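Only one structure is covered here, and it is reproduced in the block below.
The values are calculated or read from the model by the stated rules, or taken from the named source; none is laboratory data. Just so it is clear, the structure is predicted and the values come from calculations on it, not from any experiment. All Cβ positions, glycine included, derive from the backbone under ideal geometry; neighbour counts span all protein chains shown.
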Amino acid sequence: MYDFTYHRPKSLADAVAALKGKPEARPMSGGMTLIPTLKQRLARPSDVVDLGGIKELAGIKVDGGTVTIGGMTKHADVASSADVKSVIPALAYLAGHIGDPQVRNRGTMGGSVANNDPAADYPAAVVALNATITTTSGKHTADGFFKGLFETALGEGELITSISFPKADKAAYMKFPNPASRYAMVGVFVAKTASGVRVAVTGAGPSVFRVTAMEDALSKDFSSAAIKDIKIPADDLNSDIHASAEYRAHLVGVMARRAVDAANK
């Protein structure tokens, strides 16, 4: 681990100030990715700004049919929230199957979304539910937020303050987890909301993506039978020691059908 200056601000304004003018500074939420990266000397930030002391960034609120979750809200809190279970049970289910208990009690929603690991679970929920990401600089739409491998629309020093999810008429998330890390080798979130049907895939490619062919089919017939013959091209999908691109392409179809079946229960 290289030397860096550590900050633990008590307010969002202080956090923004600590990051301002320091292009090599890095914010830290739960630290589930940053700390291992620092230990392995794969990153050398000039400053680490720990957001753990900012109480205003955590919490869950329901306003009508919208669930708003603070960026520093832990996975375990999302999973156990009665409000989330009531309005969007699929989101609570997703949070309850992230990593292991240690990760769920340290990792945060905002940190996961901002990091945009290709195998993270939350990006699939954000895209499938067409969520709105609120930051210290404004708002981002789900479709415009995730840009590529570990890349998002966040600017320098921009922090996620909350994410707002609209209620789904039907929704479910199914993933094929790596047995060791619990990361999604392939995860599919299917959601039917007032604005239509969306299918978002994580783990299969460099970043979360939508499957419009499935969306079109499910818009006409929301059943697993409607998508059973849709094939996902293996081009540009991830291929590693855990699974080939072709196997991941196959898993997208399997997980999507399971998600639709679960959403219809």
Sort out which residues of the range 36-52 are within 16 Å of Gly110 (Cβ to Cβ) and surrounded by fewer than 18 Cβ atoms within 10 Å (Cβ to Cβ), and write them in order of number.
Asp50, Gly52
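For (1) farther than 24 Å from Tyr122 by Cα; (2) in contact (Cβ under 8 Å) with a residue 40 or more places away in the chain; (3) buried (at least 19 other Cβ atoms within 10 Å of the Cβ), each residue gets a yes or a no:
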residue	(1), (2), (3)
Ser11	yes, yes, no
Thr33	no, yes, yes
Met72	no, yes, yes
Ser80	no, no, no
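Every residue, every condition in (1) farther than 16 Å from Ile69 by Cβ; (2) among the basic types (Lys, Arg); (3) surrounded by 18 or more Cβ atoms within 10 Å (Cβ to Cβ), yes or no:
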| position | (1), (2), (3) |
| --- | --- |
| Thr108 | no, no, yes |
| Ala125 | no, no, yes |
| Lys139 | no, yes, no |
| Gly155 | yes, no, no |
| Leu159 | no, no, yes |
| Ser162 | no, no, yes |
Based on this model, can you work out whether Ala180 counts as free of Cβ contacts under 8 Å to residues at least 60 places away in the same chain, under 23 Å from Thr33 (Cβ atoms) and either in the same structural domain as Tyr93 (by TED's automatic domain parsing) or buried (at least 16 other Cβ atoms within 10 Å of the Cβ) (or both)?
yes
Answer yes if at least one residue in the range 180-201 is of a type in the set (Lys, Arg), in contact with a Leu (Cβ under 8 Å, 6 or more places away or on another chain) and within 23 Å of Val87 (Cα to Cα), and no otherwise.
yes
Scan (1) touching a residue at least 12 places away in the same chain (Cβ under 8 Å); (2) over 20 Å from Phe146 (Cα atoms); (3) surrounded by fewer than 17 Cβ atoms within 10 Å (Cβ to Cβ); (4) among the basic types (Lys, Arg) for the single condition Lys192 breaks and write down its number.
(3)
The strands (runs of 3 or more DSSP E) lying wholly within the range 1-105 that contain at least 2 residues that are among the polar types (S, T, N, Q) and at negative phi are 66-70
Is at least one residue of the range 215-234 free of Cβ contacts under 8 Å to residues at least 12 places away in the same chain, part of a loop (DSSP other than H, G, I, E, B) and within 20 Å of the chain's Cα centre (by Cα)?
no
What is the number of the single condition among (1) crowded, with 21+ Cβ neighbours inside 10 Å; (2) over 19 Å from Asn178 (Cβ atoms) that Asn264 does not meet?
(1)
Residues Gly203, Gly187, Gly148: which one is under 20 Å from the mean Cα position of the chain (by Cα) and under 30 Å from Lys22 (Cβ atoms)?
Gly148
Residue by residue through the range 162-197, note down the ones that are outside any strand (DSSP E or B) and touching a Lys or Arg at 6+ places or on another chain (Cβ under 6 Å).
Asp169
Condition (residue is in contact with a Phe, Trp or Tyr (Cβ under 7 Å, 6 or more places away or on another chain) and more than 27 Å from Ile230 (Cβ to Cβ)) applied to the range 115-136: is it met by at least one residue?
yes
Can you spot a residue in the range 140-162 that is of a type in the set (Asp, Glu), within 19 Å of Thr193 (Cα to Cα) and touching a helix residue (DSSP H, G or I) at 6+ places or on another chain (Cβ under 9 Å)?
yes
The one condition Ala17 fails out of (1) surrounded by fewer than 19 Cβ atoms within 10 Å (Cβ to Cβ); (2) closer than 16 Å to Thr136 by Cα; (3) among the small types (Gly, Ala, Ser); (4) touching a strand residue (DSSP E or B) at 6+ places or on another chain (Cβ under 6 Å) is (4)
